[in-house]
There are 2 protein chains.
Amino acid sequence: MRPFCIAGILLSALSTALADEGMWLFNNPPVRQVKEKYGFDITPEWLEHLQKSSVRFGNGGSGSFASANGLILTNHHVGSGMIEKLSTPERDLLEEGFYAKTAGEELKCPDLELNVLISIEDVTERVNAAVDPQASPEDASKQRRITIAGIEKESDEKSGLRSDVVTLYQGGAYHLYRYHRYTDVRLVFAPDVKAAAFGGDPDNFEFPRFCLDYCFFRAYENDEPAKTPDFLKWNPAGAKEGELIFTSGHPGRTNRSVTLAQLENMRDDAFPYRLEQIFRGEATMRAWSDRDLENARRAKGSITGIQNGRKALAARLNGLLDPAFMARKAESEKAMHEAFSQKDEWKKAAAAFSKIRKTKDSSKELESRLRMFEGGDAFGTQLFGIARALLRAGDQRVMEDKMRLPEFQEKERVSLELDLFSDEPVYKNFEVVKMTNALTFLCVKLGATDPLVKKILAGKSPADRATELVMGTGLEDVALRKKLYEGGKDAVAQAQDPMIGLARLVDDEALRLRQEGEAAAEVIEQAHQSIAKARFALQGDSTYPDATFSLRISYGTVKGYEDEGVTIPAQTTFGGMQKRHDGQGKVAPFDFSSEWEARSSSLDSDAPLNFVSTNDITGGNSGSPVVNQRGELIGLVFDTNAPGLVSDFAYTDVKGRCVSVHPAGIIESLKKIYQADRVIAELSL
Amino acid sequence: MRPFCIAGILLSALSTALADEGMWLFNNPPVRQVKEKYGFDITPEWLEHLQKSSVRFGNGGSGSFASANGLILTNHHVGSGMIEKLSTPERDLLEEGFYAKTAGEELKCPDLELNVLISIEDVTERVNAAVDPQASPEDASKQRRITIAGIEKESDEKSGLRSDVVTLYQGGAYHLYRYHRYTDVRLVFAPDVKAAAFGGDPDNFEFPRFCLDYCFFRAYENDEPAKTPDFLKWNPAGAKEGELIFTSGHPGRTNRSVTLAQLENMRDDAFPYRLEQIFRGEATMRAWSDRDLENARRAKGSITGIQNGRKALAARLNGLLDPAFMARKAESEKAMHEAFSQKDEWKKAAAAFSKIRKTKDSSKELESRLRMFEGGDAFGTQLFGIARALLRAGDQRVMEDKMRLPEFQEKERVSLELDLFSDEPVYKNFEVVKMTNALTFLCVKLGATDPLVKKILAGKSPADRATELVMGTGLEDVALRKKLYEGGKDAVAQAQDPMIGLARLVDDEALRLRQEGEAAAEVIEQAHQSIAKARFALQGDSTYPDATFSLRISYGTVKGYEDEGVTIPAQTTFGGMQKRHDGQGKVAPFDFSSEWEARSSSLDSDAPLNFVSTNDITGGNSGSPVVNQRGELIGLVFDTNAPGLVSDFAYTDVKGRCVSVHPAGIIESLKKIYQADRVIAELSL
């Protein structure tokens, strides 16, 4: 695919070849950019080896082969779901860690699929040819879906490989990815979680950092360790400051193609709203948690989740509030608009920017009501969710399948029932706190005199109304839920449950808002498709597409940064970790396991632990190998620092950094703390 | 003063004789109400004894005489400022507690004044007669001030008593209060703070409660214990559930006469704004505090303060969001408006309600900008406050004294310089966190594209701008502040300090907003004076006036309540305290002193500790005695529960409660834990 260029100014405005930006496709790597900036040649052989050494985790993460016998390195936090499932009441593998001293002790994961990318084929023409250019958007979309499914099925049958067609550049290109699939995956080694997630939430998204966020699995085939001739040699010396390095992994999703109007909406409305909700939720839940140890136990998960969200969102909002960042976006959009305006066939694309702005501007009230009533922010409880699901299940299941809301169609029945009949505990005192908070938030945002708000409060204060509803409902009882679900619309209608009453009270308005919201989203999606088409016609694949959980390569260098006038060095050490442990009074989340305490004196305090680099990554890159120019593993990606969280909508290398575990830290801990000689012996150092 | 009544409906609508409401004047006690509801006669003798047994603490609290030798009971939290001042580096009296085993060991407070009310004289006519009815509001106000000062001076000289004219009913009446004054006050006994403030912030404003929030002082005259023939006998049996009881104390301030429009403004704008600021401040500061033990130490005071504010404000907002509460206010205001409309001379009062509404409605944008720029919410740091004070001091001190802003006039010079040259530490890393948070809040509330906001950010993100300003300023240096202050306007103008630059950037707008805000406040104040005049003409003193830190009596009963469907008993015990201690893992703020741990097994676990009652109290009542019909002390007020916090603008007894320490709890702890026999021996039990 060749770029079709109109003007010099356009190229530079649209170009993304600044700094170390880009999550590049393996069949369109940043050869020119890396050559120009660093003088290094990315050869096809170098690239193929890296590709075949890279592993995709089906649960949303990345990894790499560390030996010819299927040994795989990834993050502890990528593996932790499996580690938890492999634990027993007698043996908590998260707390204790795990080490298979023999091959026989390696623990088979119940449901983990790994993929290794074997080949990529451009099927854009085949997909586009199958779509009638005169078809309506709906018909075109359907024809495209059918064609893609056919290509995948044919490839799957012919190659025996997992075959996925990936939509790139918002529909500018379609590539067929063929993966080798491993379904027998076993746990080989995991450090204890205190070391893996040292610093917990306080250190999350921060740097300096001291996490041994790694673990090892092994791919098996026919009950034998898989033969994996493509694997990464390790270089425990790591990379020097300024040295060119690469990551190879599976970034999940980015939104770099959203328009200025959408960014402004996030900055002025969506993010402030969500943060306001998070701040009040966090303060309220922590206050309740502080009242009682049992409260603390009940609220712990919710608080951890909300804190992670607060950090990520606050960092992103700070990025959007950077006028320089927004000015760059405005400039590049202006250039695009000018370019599109020069050809009649792109007039629709040129008009799409203002169409999106108009739609966002006119949807503000809709969005604020939608979040409350259909999004459920006004109610904030498990019990309301259950009540609404029962009400809607009753209403929807008497309808023809295809006329129902998607979540009530037959294909979703199993997961709906799994949710609805889950025996996850419902803590009524916590529900009252959450619902009081949510109802107060509703009053604050929509006004206490809004007619629907008044009906919801039913003449009571938020606290009294929440108490009445939560204490009055019986929906914490799974048997009652089953009865009402099975009894259908009539049973639900006859139930005198106050929470179902509330769900019924708001349901017409909630569904109306949902429909309106979906219509607005469709307008925006179509506008984006126009832009993407014109943009791709102009640029082709001279740049990288938004992330799609497909394999990407990024480049960068090891590099510290300045923060609050302080220079943050690029690398941390075991000595620094010990200092942080001591400095924080040795208490959670800065504590060590007893095994660690007993052996930590033998650690080399100068051995490197974590480091930062300028590579362009995002969620899904967790577990990605970091390699040097010789293709040697010199790091293991596990996080982004807070300033780097804006990578969702733009790359930044001022303070934004990719955070990785250093291989020397892995080896030092394997040797001195965990004495996992069998793992070390297998590595190619 | 006789009420002038127009119609029956008016009396009932304006009457406040519902439930146990009222902070009544001692020269106009609720004789009729108590007789009608409880059949008890408040006699002049009974009342005088209670009055003369009641003590006002100059630092804002209440107390009572507990012996004929000047022994005084009050709250630990009323005395804690003194207890802290009496501590030495070697002897922390808050942590250790204090017990003077002999008279000689009693510790003299450096600066505590106590007052005991001796007489009240109505001087309304004298004050009103001195004011020219044709005078402008400003002149009238001046004439009144001069007259009041004259009355006070004359009484002081004649009686030798401290003489204060108290403005009641928003100017409906003026009473001259004469106090016996004690300036030699000594600390006799204080429990350790772990027992006094058991449960800390998590239990603040909550019930059940387990606080030994008491301590003892002694009034001295001529270096001898004061002779105080009026003192309260104690009844360790306390009061039974439902028994009529009274409090006698000094409620500081209530806002029960604000109009519906003002309440709606609080509900819809002022409180949600302040809570939003509190929620984000609390979450942000706690997150920073969790990062580091030193951070935690630096942020502790700020976090405790903000948590106290959150609890109080959230409870008040919940009260305002109770539609029934607002409906009652609307109804009573409607009745007042109708009554006022019937007489020509009250037309101005009748019109005042809509005048206030119009002013509040049209001031919304003004208020939101005023809070940010003049209130300083946009900057949120000590350093900005210092920069602004230096800038304004330079500008103002070249002006004629009376033309200056009040805080820069000569009479305020000492306290201004005390503030400005305080060696209170400035933690720059904490300042960056607070300023980043404040600048983000500014962007969220006023919009990132507001012209002044853009100038403030100066092309940077909130985090980068905050870092630049805080790290760039030198104002943490007290010597530099002194130099700039002494150098005056020119020195400040020449200083290249970025924080002073910021203060200068916003100062014109801030001062303009302040002027506009003061004009709006004046309109509202004058409208209130019209209402108060008409209301007093109608009602006279048939009801109680808003609180004014003068002595008041309230009545009520010991009474539990329902919360979240749970019955909360009226009384707690030592057994309950032990259970809470154990249940919370025995850690702060639920921990005991080692002395307590060693001796607690001897405590009677059934002995009562705290109890709730329906008495109408507010801030300033802390330390008030609770007495039974025989005038015996059966409690010591120390808190309001959360639902009672709406008492600022309305009495409620649904869940709102006054929280007191039980005398049996005081005696039990004095005996068994502190072995303070000398104190017990002096009490009249």
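The values are calculated or read from the model by the stated rules, or taken from the named source; none is laboratory data. If you're wondering where the values come from, they're calculated on a predicted model, not measured in any experiment. Counting neighbours? That spans all protein chains shown, and the Cβs are built from the backbone with ideal geometry, glycine included. These accessible areas exclude ligands, DNA and RNA; they are computed on the full protein's heavy atoms, side chains included. Shrake-Rupley method; radii C 1.70, N 1.55, O 1.52, S 1.80 Å.
In nanometres and ascending order, the distances from the A:Asp606 label point to those of the other copies are 7.2 (point 7 Å from Cα along Cα→Cβ). Largest accessible area first, the listed residues B:Ile617, A:Ile306, B:Ile118 line up as B:Ile118, A:Ile306, B:Ile617 when surface is computed with a 1.4 Å probe on the assembled protein chains. How big is segment B:449-567 by the Kirkwood estimate over distinct Cα pairs, in Å? Roughly 20.7 Å, rounded to one decimal.
Per-residue mean of foreign Cβ neighbours for A:457-468 is 5 (Cβ atoms of other chains, 10 Å radius). Normalised by the number of residues in segment A:260-525, the average gap of Cα pairs under 8 Å and 6 or more apart makes the relative contact order 23 percent.
Between segment B:486-509 and segment A:404-430, the C-alpha centres lie 61 angstrom from each other. Ellipsoid fit via the Cα gyration tensor, the protein assembly as shown: semi-axes of 63, 36, 33 Å, each the root of five times an eigenvalue, largest first. Loop-resident GluC sites (Glu not before Pro) (DSSP state other than H, G, I, E or B) in segment A:522-581 with no more than 16 further Cβ atoms inside 10 Å of their Cβ are absent. With one equal scatterer per alpha carbon and no solvent term, the Debye-computed log10 I(q)/I(0) for segment A:260-525 at 0.15 1/Å reads -1.20.
Accessible area per residue (1.4 Å probe, heavy atoms of protein chains only) ranks B:Arg481, B:Arg535, A:Arg297 as A:Arg297, B:Arg535, B:Arg481, with the largest value leading.
Chymotrypsin sites (Phe, Trp or Tyr not before Pro) within segment B:35-70: which are DSSP loop residues with at most 11 other Cβ atoms inside 10 Å?
Numbers: sites: B:Tyr38, B:Phe40, B:Trp46, B:Phe57, B:Phe65; in loops: B:Phe40.
Of the chymotrypsin sites (Phe, Trp or Tyr not before Pro), not one in the loops of segment B:35-70 has a Cβ with at most 11 other Cβ atoms within 10 Å.
Which loop chymotrypsin sites (Phe, Trp or Tyr not before Pro) in segment B:83-176, with loop taken from DSSP, have no more than 10 other Cβ atoms within 10 angstrom of their Cβ?
Details: sites: B:Phe98, B:Tyr99, B:Tyr169, B:Tyr174; in loops: none.
Passing sites in segment B:83-176 do not exist.
Considering only protein heavy atoms and a probe of 1.4 Å, how much of the accessible area of segment A:260-525 is carbon and sulfur, as a whole percent?
Values: 6160 of 11860 Å².
Roughly 52 percent, rounded to a whole number.
Measuring between their Cα centroids, segment A:160-203 and segment B:87-126 lie 69 Å from each other.
For the rotation carrying A onto B, the chain A residue whose Cβ lies nearest the axis, with the distance in whole Å, reads A:Phe279, 2. Scaled against 2.2 N^0.38 Å for its residue count N, the alpha carbon radius of gyration of chain A is 1.01. Per residue, the protein assembly as shown exposes 41 Å² of solvent-accessible protein surface, assessed with a 1.4 angstrom probe and all protein chains in place.
Placing a label point 7 Å from Cα along the Cα-to-Cβ axis, A:Asn222 is separated from the same position in the other copies by 11.2 nm, shortest listed first.
Just from its helices, what would the mean residue ellipticity at 222 nm be for the protein assembly as shown, if runs of 4 or more DSSP H residues each count -39500 (n - 2.57) and the sum is divided by every residue, rounded to the nearest 500 deg cm²/dmol? Please list the in-between numbers first.
Details: 52 runs with 646 residues, N = 1370.
-15000 deg cm²/dmol, from helical runs alone.
For segment A:254-278 versus segment B:540-575, the spacing of their alpha-carbon centroids is 47 Å. Short-range pairs are left out: with C-alpha atoms under 8 Å and at least six residues apart, the relative contact order of chain B is 25 percent.
What is the average number of partner chain Cβ atoms found within 10 Å of a Cβ in B:267-278? Don't jump to the answer; show the numbers that get you there.
Details: counts 5, 5, 1, 0, 1, 6, 1, 0, 5, 5, 1, 3.
Per-residue shielding by partner chains comes out at 3.
So what does log10 I(q)/I(0) come out to for segment B:518-628 at q = 0.13, 0.20 Å⁻¹, using the Debye formula with one equal point on every Cα and no solvent? Once normalised to I(0) and log-transformed, intensities are -0.80, -1.21. Counts of other chain beta carbons within 10 angstrom of each beta carbon in peptide A:281-290 average 5.
Expressed as a rounded percentage, what relative contact order does segment A:143-257 have, with Cα pairs under 8 Å and six or more residues apart?
On the way: 95 pairs, mean separation 18.8, N = 115.
Computed over segment A:143-257, the figure is 16 percent.
Order B:Lys579, A:Lys672 by their accessible area, 1.4 angstrom probe, all chains in place, largest first.
Numbers: B:Lys579 160, A:Lys672 60 Å².
Per-residue accessible area, sorted high to low, gives B:Lys579, A:Lys672.
Of all DSSP beta bridges confined to the protein assembly as shown, the antiparallel ones make up roughly 95%. Label point of A:Asn308 (7 Å along Cα→beta-carbon): distances to the other copies' equivalent points are 3.6 nm, sorted ascending.
Both chains summed, the buried accessible area for B and A stands near 4000 Å², from protein heavy atoms and a 1.4 Å probe.
Treating each Cα of segment B:565-685 as an identical point scatterer and summing with the Debye formula, the log10 of I(q)/I(0) at q = 0.09, 0.11 Å⁻¹ comes to -0.30, -0.45. Computing Rg and the Kirkwood Rh from the Cα coordinates of segment A:145-300 gives a ratio, Rg/Rh, of 1.05.
For the residue pairs A:Lys434/B:Lys360; B:Lys343/B:Lys533; A:Lys434/A:Lys586; A:Lys311/A:Lys460; B:Lys108/B:Lys227, the C-alpha atoms sit more than 24 angstrom apart in A:Lys434/B:Lys360; A:Lys434/A:Lys586; A:Lys311/A:Lys460.
Considering all C-alpha pairs of segment B:627-685, those separated by over 16 Å amount to 58%. Peptides B:107-115, A:200-208 ranked from most to least packed, by the mean per-residue count of other Cβ atoms within 10 Å: A:200-208, B:107-115.
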